[in-house]
Amino acid sequence: MTAGLRQETSIAERLELLARWNNHSQPGETSDVVTAFIEQVARTPQALALVSGDERYTYAELGARVFGLARWLRERGIGAEDVVGIGMPRSAEMVIGVLGVLVSGGAFVPVDPAWPAQRREQVLAEARTTLVLTGADIQEAGTAEAPVTSVHGGQLAYVIFTSGSTGRPKGAMIRHDAIAERLRWQVTRILGFGPGDASLFKAPLSFDISVNEILLPLVCGGYVVVAEPGGERDPQYLLELIATEGVTFVYLVSSMLDVLLQMSRGTHQLDGLKHVWCGGEVLTPELFERFRAQLDTTLYHGYGPAEATIGVSHVIYRDSAERIATSIGRPNPHTQLYVLDDELRPVEIGVTGELYAAGFLLGRGYVNAPALTGARFVANPFGEPGARMYRTGDLACWRADGSLEFVGRADNQVKIRGMRLELEEVEAAVATHPAVRQAAVLVKDKHLCAYAVLDRPASPDELRQWCADRLPEYMVPSTFVVLDAFPVTANGKVCV
């Protein structure tokens, strides 16, 4: 934002602008994903619902498997607010597992089998899971007819754990009605999604966009195409899957979009796409221009933390719309965004402040962590009594047209391959190695680099394996550098 675009305004004027730019609406009526899915099974029983490799499920077939699992879970005592682990690779069984837990009235938490055992145990303990589903459980559950459901919109639907600055992951809680409203907005307002449309499920279940990839088509008559485990990192496989299975909606981080555009140049592999949603990384004007030159497809860019329901802002680029570098667009429906100073006062247009999010789609806080919830989900001075807003830790500024620009982070949270992590959590893992006296982790050329001062000899490979045994793969540093001592500034601050 240039100085010439800054606008001197009073606090009252800034609040008036926020009232105009933010979306203060509430849903006319609330619903839940379970009801929408059950109704879709009854409406289009013979339509294609799920594709996973050679497996094909109609809505009737998928519904029977989901309802059988829901019955099996309820027989084991699962109900409202109970948390069930999803402990299997991405597959048709994972989709059945997610839906079965939701239909049972419970909530799911991803427990990736590729995670180190310590990470899985930590997540299960923090979420107080009742049981962990495996593929064998889903086979045992069999099939059943549509159940009589009584899911309440305010019930917990899922818990997704994100990296924590205390060295421990924290589990963000999201409600049924918030997911349903997010999906309704996409289906009816911006995508026009429905029969014949297909979404590609390729994100890790521990990344909240996966919830969108799975559920979006299944509430409106489309179908889900499941990428095989590891396939999300293979651009040639993704291109072939998109083309052969008729995918019309994909979510891509900018770096993967870049590669797919390069590899598909001169082919028709991406021609069937109607909607490309980008997020997790900055969408540069150069990449946008190449996208626009190669594809006649609507491009969406979204922003939002896991603590809200699959995003808080968006921008849509149709036809000849120009890309604005670093823009994260405007607030989503029922969402209010505030750029505030250290005293929680709205800053002027063009001035950087910390971004806070509020509204109907805000999550319930962190599972079984009231102190952490209280520190990040703070009282909203601009809302109704009792309303809260989430402190994102991101820096942003308003443009004069009511859109937001992303500026950076106010803390040590970074993104690697589109997934958020706290550098402190990685540092904590390195520092627990018996040989390490001091540890620091930085981002170098979009990769994590760990620095360590040792009390006794330890090789970089040993340190890497130590971290791999404790952290998800994307959080393990690519490089380990052993130093005799950390360099410090004149005031004693470590600088590496």
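The values are calculated or read from the model by the stated rules, or taken from the named source; none is laboratory data. No experiment lies behind these values; they were computed from the predicted model shown. Cβ coordinates were reconstructed from backbone atoms using ideal geometry, including for glycine residues, and neighbour counts include every protein chain displayed. Surface accessibility is based on the protein's heavy atoms, side chains included, excluding ligands, DNA and RNA. Shrake-Rupley method; radii C 1.70, N 1.55, O 1.52, S 1.80 Å.
What the table below lists for this structure:
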item: Any hit, segment 257-279, residues being at pLDDT below 90, in contact with a Leu (Cβ under 8 Å, 6 or more places away or on another chain) and buried (at least 22 other Cβ atoms within 10 Å of the Cβ); result: yes
item: Close pairs from segment 247-259: first more than 12 Å from Glu232 (Cα to Cα), partner hydroxyl-bearing (Ser, Thr, Tyr) and surrounded by 24 or more Cβ atoms within 10 Å (Cβ to Cβ), Cβ under 6 Å, at least 6 apart; result: Phe249/Ser199
item: Residues of segment 126-157 that turn out to be among the hydrophobic types (A, V, I, L, M, F, W, C), assigned to a loop (DSSP other than H, G, I, E, B) and either touching a Lys or Arg at 6+ places or on another chain (Cβ under 9 Å) or closer than 15 Å to Phe108 by Cα (or both), as a count; result: 2
item: Unmet criterion (only one of (1) of a type in the set (Lys, Arg); (2) buried (at least 21 other Cβ atoms within 10 Å of the Cβ); (3) over 24 Å from Gln40 (Cα atoms)) for Arg90; result: (3)
item: Filtered residue count, segment 357-393, keeping only those that are among the aliphatic types (A, V, I, L, M), open to solvent by 30 Å² or more (accessible area, probe 1.4 Å) and closer than 23 Å to Lys415 by Cβ; result: 2
item: The listed residue being more than 18 Å from Gly97 (Cα to Cα), open to solvent by 10 Å² or more (accessible area, probe 1.4 Å), free of Cβ contacts under 8 Å to residues at least 60 places away in the same chain and more than 18 Å from the chain's Cα centre (by Cα), out of Gly222, Gly135, Gly196; result: Gly196
item: Of all residues making up segment 20-53, the number that are touching a helix residue (DSSP H, G or I) at 6+ places or on another chain (Cβ under 6 Å) and either open to solvent by 80 Å² or more (accessible area, probe 1.4 Å) or in a loop (DSSP other than H, G, I, E, B) (or both); result: 7
item: Filter result for the condition that a residue is modelled with pLDDT of 95 or more, over 30 Å from Pro346 (Cα atoms) and in contact with an Asp or Glu (Cβ under 9 Å, 6 or more places away or on another chain), over Leu69, Leu48; result: Leu69
item: Residue that is surrounded by the fewest Cβ atoms within 10 Å (Cβ to Cβ), among those in segment 413-428 that are outside any strand (DSSP E or B) and acidic (Asp, Glu); result: Glu424
item: Test result for Leu283, at pLDDT 95 or above, touching a Ser or Thr at 6+ places or on another chain (Cβ under 6 Å), closer than 25 Å to Leu216 by Cα and in a loop (DSSP other than H, G, I, E, B); result: no
